[in-house]
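Everything on this sheet refers to the single structure shown next.
The values are calculated or read from the model by the stated rules, or taken from the named source; none is laboratory data. Being a predicted model, the structure only gives us computed values, none of them experimental. Reconstructed Cβ throughout: ideal geometry from the backbone, glycine too, with neighbour counts over all protein chains shown. Remember, those area values only see protein heavy atoms, side chains included, never the ligands or the DNA or RNA. Shrake-Rupley method; radii C 1.70, N 1.55, O 1.52, S 1.80 Å.
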Amino acid sequence: MATVIQTLKEDWSLSASVAGFLAVLISYAGPLIIFFQAAQAAQVSDAMMASWIWGVSIGAAVSGIFLSIKYKTPIITAWSAPGTALLVIVFPEMSINEAISAYIISAIVIFLVGVTGSFDKILQWIPNGIAAGMMAGILFQFGLELFVATDTMPFIVFSMLACYLFAKRFSPRYTMIWVLFCGVILSVIFGKMNPIDMNLAITIPTLIWPEWSWNATFNLAIPLILVSLTGQFLPGMAILNLSGYDTPAKPIVSVASLASLAVACAGGITIVLAAITAALCTGKDAHELKEKRYIAGVANGIFYLLGGLFAGSIVMVFSLLPKELVAALAGLALIGAISANITIAMKNDEQRDAALITFLATASGMSFLGLSSVFWGILIGMIAHYVLNKKCLLPLFS
C-alpha cells in the first residue's frame, strides 16, 4: 500500500487532475440531468434522489480508482447514460423496486459476459477504422455544441475559444486549465453563474428492496444490457485501444458489473466504462507521457467519491455553471480526440468508406428498434466493411 501511495505521489500531475475533474464535471452537468428527469417521472423524494446519485458516484469512484491503479491505465467508469434515459420511459408505470431488480439482472448478465472473455472476442472483429469512425460520430455532437453555445453566450464562448488557441500554442499541457479559468472568470464578471442554495451534508444512501417482474426484465433489464454493452463498453474500449492501451475488456467489464451489483439497491443504475468523458483522460492533454495518464482515472474517481459523499449538496455546485460554459468546455476538451479519431478513420484506404458510413450513422442520433445510433453505426459500418473489402468477402465465396 505504501508503495502504491508513493508511486501516485511521484506520478501525480495537475493536468491529469484537471482532466479527471472535467470528466466528472461533464458527467454531472450532462447525463445527471437525465437522472433528475427520471426521478421526477418516478416522483421520488429528494433523499431518494440523493441516494441514486450516491450509488452511481460511489460505484464509478471505486471501480475507476481500482482499475486505473491496477492497470496503470486511465480507466474512466461512470453510469450508463443511455440506460438512464430508459428510466424516463419506464417510470411511473414501473415501480422503483422493479427497476432495482432490473439493475441486478443486468449487472449479473454483464458480469458473465465479462468474466467469460466474450467481449474481448467481439472487439477483435472490429477494425480500427470502424471503431474510430464510431468514436468520431459520438464526439461530433459535442464539437458542434461548442459553436451552438455562441447563440446565447457569444462573448464568453468565443473568448474561451481564443484562450484555447493561444494556450494550445504557448502552454499546451495546461490548455484546459486556462480555458476553465477563462470561462469561470468571465461568467462571474457577466453574472452568468446560476444562483443556488448550498447546504453541505454527508449523504446516507437509502436501501431499496428489489421486486422481480417480467415487466422489469423485458422492458428495462434486457435493453439496459444491450445499451450498456454497445453504447458504453464498446466505444469505451475502442477509446482505450485507439489511445494505445491494450488492457483487456475482461477485468474492466467484470469489475464494473460487480460495482453495479454493489450499488444497485441504493438506486445506482449500471456502472459502465465511460465513452465520451474517457476521451478527456486518454490523450496528451491529460499528460504528455502515456504511462502517467492513469492519474486522470484516479483523480476522476476521487472527484466522484466526493460527489457521492456529498450527493445531496456538493453536486449542486455543478449547477452554478451555465450550460453553455459546460458545452464549450466539453467541445474544446474533445477537439483533440475528434481529430485523432477522424485521422484514424480516414487513414486506411480499404476501411475509409465503411468508416465514413459508421461516422455518419453514429453522428445521426438515429434510434431504431429501441437501439441507439452507436449500435447501428457499428453494425452498419461492419456490414459495409465486409461487403466493400474483397479480402473479407473471399472466405465467404471460397
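Of all complete DSSP H helices in the chain, those with a Cα span along the helix axis of 20 Å or greater and a mean Kyte-Doolittle hydropathy of 0.0 or more are 14-29, 46-71, 96-115, 128-148, 154-170, 175-189, 249-263, 294-309, 373-388. Between Leu369 and Asn215, the simple spin-label model (points 7 angstrom out along Cα→Cβ) gives 2.6 nm.
For the range 66-145, GluC sites (Glu not before Pro) meeting the loop criterion (DSSP other than H, G, I, E, B) and having at most 15 other Cβ atoms within 10 Å: Glu93.
Calculated mean residue ellipticity at 222 nm for the chain: -21000 deg cm²/dmol, from DSSP H runs with n ≥ 4 weighted as -39500 (n - 2.57), summed, divided by the residue count and rounded to 500. Which of the three applies to the range 219-345, rounded, prolate or oblate, going by the alpha-carbon gyration tensor with a ≥ b ≥ c and a/c under 1.5 meaning rounded? The shape class here is oblate. Per residue, the range 217-368 exposes 34 Å² of solvent-accessible protein surface, assessed with a 1.4 angstrom probe and all protein chains in place. Once the Cβ-Cβ distance of Asn97 and Phe158 is raised to the sixth power relative to R0 = 41 Å, the FRET efficiency obtained is 0.25.
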